[in-house]
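Written below as C-alpha cells is the structure these notes are about.
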Amino acid sequence: MAIVATFAYEEDFIAAAKDLKSSGFDDISLLSPLPLEEAQEVLGLEKSPVRHFSLAGAIIGAAFGFAMCVATALVFILPTGGRAIIALPSYLVITYEMTILLGVLFTLFGFHIVSGLPAWHDKPYLESANIDRFVVVVDSTDGERTARAEAIIRGAGAEEITHMEVE
Amino acid sequence: MFDHGQPSYADVNKDVLSTMLETGPRYWMLLGTTISIAVICFFMPWLYQLFVGIGAAGMNRNAVWGTYISNFIFWIGLSHSGTLLSAVLHITNSHWRKSIYRSAEAMTLFSLMTAALFIMVHVGRVWFVHWTFPIPNPMGLWPNFRSPLMFDVMAITTYLTASSIFIYMGSVPDFAAVRDASTGLRRRLYTIFSFGWRGTAREWHTLGWAYTFFAVFVIPLAVSVHSIVSWDFALSIVPGLHHTIFAPYFVCGAIYSGTAGIVTVMYCLRKFLGFEKYIGQVHLDNLGKLLITLSLIWSYINILELFSTWFGGTSFEIEALKFRLTGFYAPLYWEMITFCAFVPLLMLWKKFRLSWNKMLVISILINIGMLTERCIMVATSLPRKFLPDAFGFYLPSWVEISITVGSFAIFATLFLIFIKWVPAVSIYEVKETLKPLRRDS
C-alpha cells in the first residue's frame, strides 16, 4: 500500500518531503511536472552514475574507432599517393567521431539503467503530476507509520491524500 | 519573457498539446501540398535520373560536383541551428532558449535527413551506397579511412544518431504528457514512447545529467561535422578551395544559416500553431543579436579569404578569385555579399529586430545568400582548375533545379509530420521559466 499525496504548491511539497525524510521515511518518491533541484537534494541525489557510462563509452569508442581504421587498412593494403598505410592524422578524425558516437550511445544506455526506465508495470502515479500538481508517494504497510506519514503530509498542506496498491 | 502575461502550468499543457491533438483541414491541405511538391519536384526527377543516368544532371568531366553537393552543404549547415540553440545555450544556462529549442532540434534532424538524401542523389548508383560503410562484404574490401569522404560518412552518421537521441530524450517527459492527454491507440503508442515516465525526482535527475552529457558530446560533434565537410574541399589542391580558413568558415556559415532558419521556423510556428504566447519579442531580439554577431564573423572571414588569396599572389588562386568576383557567376557572388553581409546590418536597429515580418524577410534573404555561397563555391572552382585549356563550365540542369526545390518540400513535410507527433514547444522546460505558484501569491 502506498500513500499518494497531492500538493498544489511547490513549497509545501518540498516541506513535506523534507519532514518525511527527517522522520525516517526513506522510501518516498517525489513526482513533479518539472525538474526540481530541491526535491533531488531532499533525496540526496548528487552526481549521477550516468557520467561513468559516458566516460566508458567515449574511451571504448576511441579505442574501437582507431582499431577499426588500423585493422581495415592492414586487411587490405592499399598504397595511395605515397601516404602511410596507417595514417595517424586521418585516423584521428574517425577516432574522434567514434568517441562521440559510442559516448552518446553509452550515455543513453546509462540513462536507462540508472533511471530504471522503461518501466511499464504499474507504479503509483497521478496524471496531474505531469500537469500542475506535485505528488509525494510513501510506501508503507505498517498502520502506525501510515498514520504518522499522513499526519506529516497533512501538516505540510496536502490538497488530497489517497491510497494505492503497490505491486 | 512572455508577451501576453504568464500562463499557468495547466495552460502550457493545454496550449502545446492542442497543436498536436487538434488537426484542422488547413493542416491536411498543407501536408498534401508539400508531399505533392516533394514527389513531383524531388522524387520523380530523381527516378528519371536513375533511369537515364547521372548525365541528366549538369555535371560534366570538369565539373564533377554540382548543386547536389551545394545543397548537401546547405542542409548540413541548417542543421547546426539545433545544436547551437539546444546544446550551447543549455550548457550556458540561457533560459530564453527553452520555448524554441525543440523545433530547432527538429530542424537539425530533418536538415540532416535532407542532406543525406542529396548524397544518395549525387552518387548516381544509390544501390551501392552501403559500400561506404565499414561492414563486412564478400569482396573483402573496406572503406579507405584516409579519404575525407569517409570522414563525412562517419561524421554524418554519428551526427544523425546523436541528434535523434538528443531530441528524443529531451522529449520523453513531454511524451508522457501526450500519453496522459490521449486515449486508445495513441495512448498505447505514447506509453511506449515515454518509457513509462512518471516524473520522479530520480528520473528528472538522471535525465538532467544524461541530457547535459548529450549536449557536451553534440557541440564538438557539430563543429567537427562542418569542419569535415569543409575538408572535402580544402584538402584538395583546387584553387579557390585549398584554404586553411575553410573549417571555421564553414562552421560559422552553418551556424549563421541555421540561426536564420530558426527565425523562419519560429515565424511559422507563431503564425500557424498559435505559439504567440511562448515565442515572443525576447526570442526575436536575442536571435537578431546572434545573427548580427554571426554576420560580422562571416563577413570578416570572407574579407580574410580575399586578402590571403591576394597576399599569397599565386597565379592560379588569383585567377580563381578574379573569376569569382568578375566572371559569369559574379552577380551571384555580389548577391551573396549583399544578403549575408549588408542586409543583416539592418538588425542593428531595434525596430527591425523586433518586427516579425522584417525578421522573416531578413532570415530568408540570409539563407538565399548562404545557398548561393555554396553554389558558387562549387561552380567557380572545380571546373576551372589549373590549365586554361582544360577549363570547363557548369550550369545546373532542370533536374538539379527541380530536386533543389523539392528538397524544401521534403523538409517542410517532415516538419509538418513532426508537429503532430512531438510537442513543438518543450512543455516541461517552458514550465521551468515560469514563476512557481506560491501560497502567499
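Select from segment B:129-153 the residues that are at pLDDT 90 or above and open to solvent by 20 Å² or more (accessible area, probe 1.4 Å) and list them in ascending order.
Correct list: B:153 only.
Filtering segment A:52-88 down to residues that are part of a helix (DSSP H, G or I) and among the polar types (S, T, N, Q), which residue is farthest from residue B:206 (Cα to Cα)?
The qualifying residue farthest from residue B:206 (Cα to Cα) is A:72.
When segment B:126-163 is examined, which residues are found to be over 26 Å from the mean Cα position of the chain (by Cα) and under 18 Å from residue B:65 (Cβ atoms)?
Those that are over 26 Å from the mean Cα position of the chain (by Cα) and under 18 Å from residue B:65 (Cβ atoms): none in segment B:126-163.
Of the conditions (1) in contact (Cβ under 8 Å) with a residue 12 or more places away in the chain; (2) surrounded by fewer than 19 Cβ atoms within 10 Å (Cβ to Cβ); (3) away from chain A (no Cβ under 14 Å), residue B:382 clears all except one; give me its number.
Only one criterion is unmet by residue B:382, namely (2).
Tally up the residues in segment B:243-269 that are part of a helix (DSSP H, G or I), open to solvent by 10 Å² or more (accessible area, probe 1.4 Å), touching a residue at least 12 places away in the same chain (Cβ under 8 Å) and over 17 Å from residue B:340 (Cβ atoms), please.
Within segment B:243-269, residues that are part of a helix (DSSP H, G or I), open to solvent by 10 Å² or more (accessible area, probe 1.4 Å), touching a residue at least 12 places away in the same chain (Cβ under 8 Å) and over 17 Å from residue B:340 (Cβ atoms) number 3.
Select from segment B:191-207 the residues that are at the interface with chain A (Cβ under 7 Å from one of its Cβ atoms), farther than 18 Å from residue A:14 by Cβ and among the aromatic types (Phe, Trp, Tyr) and list them in ascending order.
B:195, B:197
Could you tell me whether segment B:182-190 includes any residue that is facing another protein chain (nearest Cβ under 9 Å) and either in a helix (DSSP H, G or I) or within 26 Å of residue B:17 (Cα to Cα) (or both)?
No, because not a single residue in segment B:182-190 is facing another protein chain (nearest Cβ under 9 Å) and either in a helix (DSSP H, G or I) or within 26 Å of residue B:17 (Cα to Cα) (or both).
What's the total number of residues in segment A:23-36 that are touching a residue at least 24 places away in the same chain (Cβ under 8 Å) and either of a type outside the set (S, T, N, Q) or at positive phi (or both)?
Within segment A:23-36, the subset touching a residue at least 24 places away in the same chain (Cβ under 8 Å) is A:23, A:25, A:27-33, A:36.
If we keep only those that are either of a type outside the set (S, T, N, Q) or at positive phi (or both) too, we end up with A:25, A:27-28, A:30-31, A:33, A:36.
Residues flagged as touching a residue at least 24 places away in the same chain (Cβ under 8 Å) and either of a type outside the set (S, T, N, Q) or at positive phi (or both) within segment A:23-36 amount to 7.
Counting only residues that are assigned to a helix (DSSP H, G or I) and on the phi > 0 side of the Ramachandran plot, how many does segment B:213-242 have?
Residues of segment B:213-242 assigned to a helix (DSSP H, G or I): B:213-234.
With on the phi > 0 side of the Ramachandran plot added as a condition, the list becomes none.
The total comes to 0.
Any residue that is assigned to a helix (DSSP H, G or I) and under 13 Å from residue B:222 (Cβ atoms) - is there at least one of those in segment B:91-99? Can you show your working first?
Going through segment B:91-99, the residues assigned to a helix (DSSP H, G or I) turn out to be B:91, B:95-99.
If we keep only those that are under 13 Å from residue B:222 (Cβ atoms) too, we end up with B:91.
Looking through segment B:91-99, at least one residue is assigned to a helix (DSSP H, G or I) and under 13 Å from residue B:222 (Cβ atoms).
Please find, among B:170, B:199, B:208, the residue that is free of Cβ contacts under 8 Å to residues at least 60 places away in the same chain, open to solvent by less than 10 Å² (accessible area, probe 1.4 Å), closer than 28 Å to residue A:33 by Cα and touching a helix residue (DSSP H, G or I) at 6+ places or on another chain (Cβ under 9 Å).
Residue meeting the stated conditions: B:199.
Can you name the residue in segment B:276-294 that is assigned to a helix (DSSP H, G or I) and open to solvent by 60 Å² or more (accessible area, probe 1.4 Å) and, of all such residues, is farthest from residue B:351 (Cα to Cα)? Show your work before the answer.
At the first step, the residues of segment B:276-294 found to be assigned to a helix (DSSP H, G or I) are B:281-294.
From the residues that got through so far, the ones that are open to solvent by 60 Å² or more (accessible area, probe 1.4 Å) too are B:281, B:289, B:293.
Numbers: B:281: 11, B:289: 13, B:293: 18 Å.
Among those residues, the one meeting the criterion is B:293.
Take residue B:157 and decide whether it is more than 30 Å from residue B:11 (Cβ to Cβ) and more than 7 Å from every other protein chain (Cβ to nearest Cβ).
For residue B:157, the condition - more than 30 Å from residue B:11 (Cβ to Cβ) and more than 7 Å from every other protein chain (Cβ to nearest Cβ) - is met.
For segment B:348-360, check the following and say yes or no: at least one residue is touching a residue at least 60 places away in the same chain (Cβ under 8 Å), in contact with a Lys or Arg (Cβ under 9 Å, 6 or more places away or on another chain) and buried (at least 22 other Cβ atoms within 10 Å of the Cβ).
yes
Across segment B:295-338, which residue is surrounded by the most Cβ atoms within 10 Å (Cβ to Cβ) among those that are part of a helix (DSSP H, G or I) and among the polar types (S, T, N, Q)?
B:295
What about residue B:214, is it within 9 Å of chain A (Cβ to nearest Cβ), touching an Asp or Glu at 6+ places or on another chain (Cβ under 9 Å), within 27 Å of residue B:134 (Cα to Cα) and open to solvent by less than 30 Å² (accessible area, probe 1.4 Å)?
no
Consider residue A:50 carefully, then state whether it is open to solvent by 10 Å² or more (accessible area, probe 1.4 Å) and either facing another protein chain (nearest Cβ under 9 Å) or touching a Cys at 6+ places or on another chain (Cβ under 9 Å) (or both).
When the stated conditions are applied, residue A:50 does not pass them.
Name the residue that is modelled with the lowest pLDDT, counting only residues in segment A:111-149 that are under 25 Å from residue A:22 (Cβ atoms) and facing chain B (nearest Cβ under 8 Å).
A:123
Which members of segment A:3-22 meet the condition of being open to solvent by less than 10 Å² (accessible area, probe 1.4 Å) and either farther than 10 Å from residue A:134 by Cβ or without any contact (Cβ under 8 Å) to a residue 24 or more places away in the chain (or both)?
Answer for segment A:3-22, where residues must be open to solvent by less than 10 Å² (accessible area, probe 1.4 Å) and either farther than 10 Å from residue A:134 by Cβ or without any contact (Cβ under 8 Å) to a residue 24 or more places away in the chain (or both): A:3, A:4, A:20.
Evaluate the following for residue B:87: is it modelled with pLDDT under 90, in contact with a Phe, Trp or Tyr (Cβ under 7 Å, 6 or more places away or on another chain) and open to solvent by less than 50 Å² (accessible area, probe 1.4 Å)?
no
Output the helices (runs of 4 or more DSSP H) that fall wholly within segment B:1-65 and possess 3 or more residues being among the β-branched types (Val, Ile, Thr) and surrounded by 16 or more Cβ atoms within 10 Å (Cβ to Cβ), or say none. Working first, answer last.
Working: elements: B:9-21, B:25-37, B:44-52.
Because the criterion is at least 3 residues that are among the β-branched types (Val, Ile, Thr) and surrounded by 16 or more Cβ atoms within 10 Å (Cβ to Cβ), the helices (runs of 4 or more DSSP H) in segment B:1-65 that meet it are B:9-21, B:25-37.
Taking segment B:415-441, which residues are open to solvent by 30 Å² or more (accessible area, probe 1.4 Å), more than 14 Å from chain A (Cβ to nearest Cβ) and closer than 23 Å to residue B:98 by Cβ?
We begin by selecting, within segment B:415-441, every residue open to solvent by 30 Å² or more (accessible area, probe 1.4 Å); these are B:417, B:421, B:432-433, B:435-441.
In the following step, the residues that additionally are more than 14 Å from chain A (Cβ to nearest Cβ) were identified as B:417, B:421.
The one that is open to solvent by 30 Å² or more (accessible area, probe 1.4 Å), more than 14 Å from chain A (Cβ to nearest Cβ) and closer than 23 Å to residue B:98 by Cβ: B:421.
Could you please let me know if residue B:122 is within 14 Å of chain A (Cβ to nearest Cβ), open to solvent by 10 Å² or more (accessible area, probe 1.4 Å) and in a helix (DSSP H, G or I)?
So residue B:122 does not fit the description; no.
The values are calculated or read from the model by the stated rules, or taken from the named source; none is laboratory data. A quick note: this is a predicted structure, and the numbers were derived from the prediction, not measured. Glycine also receives a Cβ, built like all others from the backbone with ideal geometry; neighbour counts cover every protein chain displayed. Quick note on the areas: whole protein, heavy atoms, side chains included, nothing else; ligands and nucleic acids left out. Shrake-Rupley method; radii C 1.70, N 1.55, O 1.52, S 1.80 Å.
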